[in-house]
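Worksheet: the structure to be examined is printed underneath.
Since every read-out is calculated from the coordinates, none of them should be taken as a lab result. This is a predicted model, so every value here is computed, not measured. Using ideal geometry, Cβ is built from the backbone for each residue, glycine included, and neighbour counts are taken over all protein chains shown.
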Amino acid sequence: MTAESQTLTSEELLEHIITSLEDDKAEDIVKISLRGKSEMADFMVIASGRSSRQVAAIAEHLVDTLKQDHGRLSKIEGKETGDWVLIDTGDVIVHVFRPEVREFYQLEKMWLTPAEAAAARS
C-alpha cells in the first residue's frame, strides 16, 4: 500500500469512484451514505451501464484506476457475466448494473427513503 492509499478518506475515495464512473459514461449514478445504517462500508454507489460489455469495462477500469492511482486493492465479483458487478473497495461498495437487472433488484429502495433517493442522484 502506498502512503496515499492509507491517507485517502472514504469521502475522497467516493469522489475518485464517481469521477471514474462519470468518465466511463456510467448512467444514473446514485451515492448512498451507509453511516449509521451498516457497518460494512461508509458509502454505496449504484450505477448503470448500457450493456454487459460496458458494465464489465466500467468495473474493470475502476478497479485498475484505484490500484494504479491510489494503491487501493478491490474485490470484484460478477464481471464475467456483466449483468451486475460488485466492487468492494473497503470504504465504498460499488454496484454496476445493466438497467434491467438494476430495475429488478431495486437496491436503492432497500437503502433510501424517497426523499433521500431524490437527493442521492448525482
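Structure above, values below:
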{"read-out": "Cα-centred dipole magnitude for the chain, charges only on beta-carbon of K, R (+1) and D, E (-1), debye, nearest 20", "value": "260"}
{"read-out": "Radius of gyration, Dmax [the range 3-120; alpha carbons; angstrom]", "value": "13.4, 40"}
{"read-out": "Antiparallel DSSP beta bridges within the chain, as percent of all bridges there, nearest 5", "value": "70"}
{"read-out": "Residue-averaged 222 nm ellipticity for the chain, from DSSP H runs of 4+ at -39500 (n - 2.57), nearest 500", "value": "-13500 deg cm²/dmol"}
{"read-out": "Alpha carbon centroid spacing (whole Å) that separates the range 9-30 from the range 68-122", "value": "11"}
{"read-out": "Förster radius 30 Å - calculated FRET efficiency between GLU116 and GLU80 (Cβ-Cβ, nearest 0.05)", "value": "0.40"}
{"read-out": "Sparse-neighbour loop sites [GluC sites (Glu not before Pro); the range 21-74; at most 15 other C-beta within 10 Å; DSSP]", "value": "GLU39"}
{"read-out": "Choice from ARG72, ARG102, ARG35 showing the highest fluctuation, given a GNM over the chain with Cα pairs closer than 10 Å", "value": "ARG35"}
